[in-house]
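The block underneath contains the structure these notes are about, expressed in structure tokens.
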Amino acid sequence: MSYGFIEGISKGLNKLTFLVLPFILADIDSFGFIGLLVSIELILPYFTLLGLERAILRFYSEKQQISAFEQTIFKMVNLAHIAAILCILLLNQFYDTIFGIDIFPFIYLVVVLVYLQGINLLHLNIYRASNQHKIYFGNRLVLQILKFALVLLFVYFLNGPMGYLVGAILAALITNIVYRKKKLSLTGEGYMKFPKETMRTLLLFSWPFIFHSLASNLLGNADKFILERYLDMEQVGLYTFAYSFGTSVVFAFLGITVYIEPLIYKENEEEKRKILLNKFLLMALAMGILATLAIYLISIFVLPELYKTSYQSVIYLIPLIAISYILQPFYFKANYQLIYAKKSFNIAFVSIVSCILNIILNIVLIPKFGIIAAVYTTFISNALQYMMFVLMANKFKIDSDFIELTILSIGISFFIYYEISILYIFLYLIMYLCYFYYFKMRKTIKIKSSEI
């Protein structure tokens, strides 16, 4: 087994859950309700985990030099969740619902779920950092298999969103009990004492990732809340359905990113690293085109036969959502360059700007154009985010990557706006791949060979 394989299985089961739920739920509103709960489930940990799950991976090898390393992390996370509950209690004094969701009991249960999954994630990263690979693989698989099975089971019997929360909470609780790491001294005398230097070291490292991850997550979830605000829960359900299928394209990038990312960071020679990055871009774009073509064909020939008429009205959005992510390899390439150069603040800054732009566009366009505006906004926000990352990675110099990304984005926008067949977008991208291989990859390899 490999980390890439395990991540693929885990994310695949999460995705499969959303593809099966429409067959179980009685109405689209319930599916939209679950979509909003999951969005909160994904966003909240960026506040309550404080980015400390990344700090474990970064500092675990140095933990002997850091006072009370594990204890401090778990204490800070516990207190962050207590603070979240207190904030919700305060909010509940003034409002009974938020985004169409009853604060009691749903939001409280989401916090419980986020806490249990967060504690599990901290343990997972400790297993990974300490090279306990078998335990890591077992924990990750057990959690996702249990969540998949129990969510579907309880949604079926409870016939609604409560089933999702009950199933997910039970899955996380069982996994935490089975795979609990050695007991930490988290209670008793000294529990409220925090080594200041340890806290400072951890938070200085983690805070940029909090904003980057939060902003990136909001890019994919803010539109659902705005749809609920300006339209209704049924539109949220329809969009969640289309989004779940369309974003499956990112699985095309999973294997190659897991394989090539560590190679890029290990390569100290700039020219060799550049060749690796260009190879990644070429291969990832090719995989993305194939995956998007597969999604397009499935949305035409398979999905209309599987899903009831009410969901068929948004099937045409699925390929458009997939195309919104097809240029993501440019983002990955630039991101790797920024991480290698230790520019974590730049990453956070670009992500926040892109997130704010996405929210503004959604607020302006969704009331006027409806659900299709969420798709257009996703493409525009993603394209601009990728461009800003490429600019940052090249120190604001307009290089060939930026020019090519801009031309590709404008071309795809033209095809989408004038509702030209998606097949022409594939042809357009394939022509770019041929150009990229001949004028960048092939010539680069020839130059290197001649030097040898």
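Values quoted throughout were computed directly from the atomic coordinates according to the rules given, and no laboratory measurement underlies them. Keep in mind that what you see is a predicted model, and the values were worked out from it rather than measured. Virtual Cβ from ideal backbone geometry, glycine too; neighbours counted across all protein chains shown.
Results, tabulated for the structure shown:
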read-out: Cut-off under 5 Å, modelled amide H: who pairs with Ile98 long-range; value: Ile103
read-out: Cα pair distances of the stretch 206-447 binned at 10 Å [whole percent]; value: 7, 30, 36, 20, 6, 1
read-out: Computed [θ] at 222 nm, helices only, for the chain once each DSSP H run of length n ≥ 4 contributes -39500 (n - 2.57); value: -26500 deg cm²/dmol
read-out: Per-peptide average of other Cβ atoms within 10 Å, ordering 59-69, 35-45 highest first; value: 35-45, 59-69
read-out: Protection proxy ranking, peptides 239-252, 20-33, average beta carbon neighbours within 10 Å, highest first; value: 239-252, 20-33
read-out: Percent RCO, i.e. relative contact order, over the stretch 3-194, from Cα pairs under 8 Å lying at least 6 residues apart; value: 30 percent
read-out: Hz values of 3J(HN,Hα) by residue in the stretch 96-113 - Karplus curve (6.51, -1.76, 1.60), Gly and Pro given as x; value: 8, 10, 9, 6, x, 10, 5, 4, 10, x, 5, 5, 4, 5, 4, 5, 4, 4
read-out: Under the Karplus curve 6.51 cos²θ - 1.76 cosθ + 1.60, θ = phi - 60°, whole-Hz ³J(HN,Hα) for the stretch 46-54, x wherever Gly or Pro sits; value: 5, 8, 8, 8, 6, x, 6, 5, 6
read-out: From phi via Karplus (6.51, -1.76, 1.60), per-residue ³J(HN,Hα) for the stretch 434-439 in Hz, x at Gly/Pro; value: 4, 4, 4, 5, 6, 8
read-out: Orientation-averaged projected area, Cα convex hull of the stretch 1-130 (nm²); value: 9.6 nm²
read-out: Neighbourhood net charge (13 Å Cβ-Cβ; Lys/Arg +1, Asp/Glu -1) for Gly160; value: -3
